[in-house]
Amino acid sequence: MRVLDEYFEALRTQDWARVAPCLAEDVHRTGPYLDEVRGREAYVKFLASAIGALRSYELRVHRVRELAPHSAVVELSEAMDRGGERREFPELLLFDFDAAGRIARVDVYIKQPPRRT
C-alpha cells in the first residue's frame, strides 16, 4: 500500500513527475462517466490538466482497505473552490496493482450532492 501513500501525496502537491513511477506503463483509468484514460503518460497528463484547473484543490484520504494482494479500495474526498463556494466530493476508488506493486487500474466512483432547486 506504500504506492498509494506516494501516489496521493504526489497528487496533493501536484508533483506529476512523482506520480508517474507509481503507475504501470499500461495503467487503465475508468471514471465515473465511463470515461477512460489508458497509459502512464496519458494518465499523468489527464491528472495534471484536471487537478491543475481546480482552484484551491485539496485531497483527503479517509480509509484504505486492502482487498487482496493486488487490489485496494480507498475512500477519499476532493475539495475545491467552485462558483465562489467551497465544494467537496466524496469518492471511492478501486485500485488494482501489477506484479511490481504499481497502480495498474483505477476505477472512480463519485457521490454527487443533490441538485439544488
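The values are calculated or read from the model by the stated rules, or taken from the named source; none is laboratory data. Computed from a predicted model, the values in this text were never measured in an experiment. Cβ: placed from backbone, ideal geometry, glycine included. Neighbour counts: every protein chain shown.
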Practice item. Residues being in a loop (DSSP other than H, G, I, E, B) and of a type outside the set (D, E, K, R): count how many of those fall in segment 91-107. Key: 3
Check your understanding: Do we find that Val37 is of a type in the set (A, V, I, L, M, F, W, C), more than 14 Å from Val108 (Cβ to Cβ) and touching a Gly at 6+ places or on another chain (Cβ under 9 Å) in this structure?
Key -> no
Point to revise | Subset tally (residues that are surrounded by fewer than 12 Cβ atoms within 10 Å (Cβ to Cβ) and farther than 17 Å from Glu58 by Cα) for segment 68-117 | key: 10
Exercise for review: All but one of (1) modelled with pLDDT of 95 or more; (2) closer than 16 Å to Ile110 by Cα; (3) more than 13 Å from the chain's Cα centre (by Cα) hold for Val73, so report the exception by its number.
Suggested key: (3)
Point to revise | From the options Val19, Val27, Val3, residue that is touching a helix residue (DSSP H, G or I) at 6+ places or on another chain (Cβ under 9 Å), β-branched (Val, Ile, Thr) and not in a helix (DSSP H, G or I) | key: Val27
Practice item. Return the total of residues in segment 27-67 being within 15 Å of Leu4 (Cβ to Cβ) and surrounded by fewer than 15 Cβ atoms within 10 Å (Cβ to Cβ). Key: 6
**Study point:** Pairs where the first residue, in segment 6-28, is free of Cβ contacts under 8 Å to residues at least 40 places away in the same chain and the second is small (Gly, Ala, Ser), C-beta under 7 Å, 6+ apart
**Key:** Trp16/Ala48; Arg18/Ala10; Val19/Ala10
Exercise for review: Have a look at Leu67, Leu11 and point out the one that is of a type in the set (A, V, I, L, M) and not in a strand (DSSP E or B).
Suggested key: Leu11
Exercise for review: Could you tell me which of the residues Leu54, Leu59 is aliphatic (A, V, I, L, M) and without any contact (Cβ under 8 Å) to a residue 40 or more places away in the chain?
Suggested key: Leu54
